[in-house]
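Have a look at the structure below before the remarks.
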Amino acid sequence: MKAVSSRQIDQLPGRRLQPDDTFTFRCHADIACFNRCCRNLNLFLYPYDVLRLTRHLGMTADRFIEEYADIVLRPEQFFPELVLRMAADAEHTCPFLTAGGCAVYRHRPDTCRTFPVEQGALFHPETGRAEPVFFFRPPDFCEGRHEPTTWTVPAWTRDQDAETYHRMSRRWAEIRHLFQADPWGAEGPEGARARMAFMAAYNMDRFRAFIFESSFFKRYRVKAALKKKLRTSDEALLQFGFEWIRLFVWQMPSRSIRPRR
Ligand code: SF4
Ligand code: SF4
């Protein structure tokens with residue numbers, strides 16, 4: 001999800017969509033461009049994408065990353081990102097594309113979900129919170145935009161079962177925004193603290209083992225009900241991981257994790 005500043009918002013490509021604005025679109029298996037958009041992509045995977053895909057594929061995060069993702073540290077960024085690795089064929093096809101469509105459709109990444117509507121995060125400096133902004137941006141070859149079905153962004157988001165994805169991507173965008181300044185110092189973005197943050201974002205099996213099998217709960221107070229939930233709910237664990245990153249990296253107070261004195 002792209003961070004958007006209020007200065008650049010009107011210059012961005014695509015048509016900005018307010019909640020009541022409409023657009024026409026329909027994608028289906030008989031359309032001439034079917035599957036054409038699943039090729040040659042720079043497709044970023046956010047923590048909730050990785051969680052859903054690993055659970056669906058029955059893979060550990062370690063194996064998923066090895067098999068399907070590249071870890072990329074962009075210039076001027078202080079935290080690595082995951083990018084879905086396209087196949088080494090001539091068209092750089094998405095590894096999940098089959099003749100019948102997307103093999104992970106119910107668990108496809110957030111970026112794919114509401115395509116060709118793109119979500120951006122407009123940051124409010126006073127609160128550090130991200131406000132969602134949406135753009136209709138079909139590529140030229142996308143025939144779906146000529147179909148007569150009319151949508152608003154909220155209706156399209158519901159239809160594509162994207163509400164949780166969008167919410168989790170926004171929470172993650174707020175953390176990524178904090179990483180625009182270097183929190184690591186001499187240790188650098190590959191040191192032990194950065195590896196801890198990476199685990200809390202992308203590797204729920206390891207993160208669960210870390211909090212339950214280390215002295216974590218001796219050092220931090222967590223309500224019993226939440227502790228119980230963290231054993232079984234991956235989604236709760238990921239949100240807890242986001243809070244932990246804020247606390248661990250920037251010492252930002254957390255309502256769920258209180259250091260014991
Ligand atoms: S994950 Fe599915 S929808 Fe997304 S690019 Fe790959 S095949 Fe297409
Ligand atoms: S290019 Fe547009 S209409 Fe064609 S398959 Fe992709 S989203 Fe659907």
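Which ones in region 85-96 are within 16 Å of ligand 2 (Cβ to nearest atom) and either in the same structural domain as residue 198 (by TED's automatic domain parsing) or modelled with pLDDT of 95 or more (or both)? Once the filter is applied, which keeps residues that are within 16 Å of ligand 2 (Cβ to nearest atom) and either in the same structural domain as residue 198 (by TED's automatic domain parsing) or modelled with pLDDT of 95 or more (or both), region 85-96 yields 86, 92, 93, 94, 96. Cβ-Cβ distances below 6 Å connect the following pairs, each with a first residue in region 57-83 that is within 18 Å of residue 205 (Cα to Cα), a second residue that is among the hydroxyl-bearing types (Ser, Thr, Tyr) and not in a loop (DSSP other than H, G, I, E, B), and a separation of six or more residues or different chains: 61/54; 61/202; 64/54. Within the set 71, 31, 65, the sole residue that is within 14 Å of ligand 2 (Cβ to nearest atom), of a type in the set (Val, Ile, Thr) and either surrounded by fewer than 18 Cβ atoms within 10 Å (Cβ to Cβ) or within 15 Å of the chain's Cα centre (by Cα) (or both) turns out to be 31. Taken over region 97-129, the criterion of being in a strand (DSSP E or B), touching a Phe, Trp or Tyr at 6+ places or on another chain (Cβ under 9 Å) and more than 15 Å from ligand 2 (Cβ to nearest atom) is satisfied by 119, 120. For region 143-162, the criterion of being buried (at least 19 other Cβ atoms within 10 Å of the Cβ) and in a loop (DSSP other than H, G, I, E, B) is satisfied by at least one residue. Contact map, region 105-122: residues that are without any contact (Cβ under 8 Å) to a residue 12 or more places away in the chain and at negative phi paired with residues that are surrounded by fewer than 20 Cβ atoms within 10 Å (Cβ to Cβ) and in a helix (DSSP H, G or I), Cβ distance under 7 Å, separation 6+ or inter-chain. No pairs are found.
The values are calculated or read from the model by the stated rules, or taken from the named source; none is laboratory data. As the structure is a computational prediction, the values presented were derived from the model and not from experiment. Positions of Cβ are backbone-derived with ideal geometry, glycine not excepted, and every protein chain shown enters the neighbour counts.
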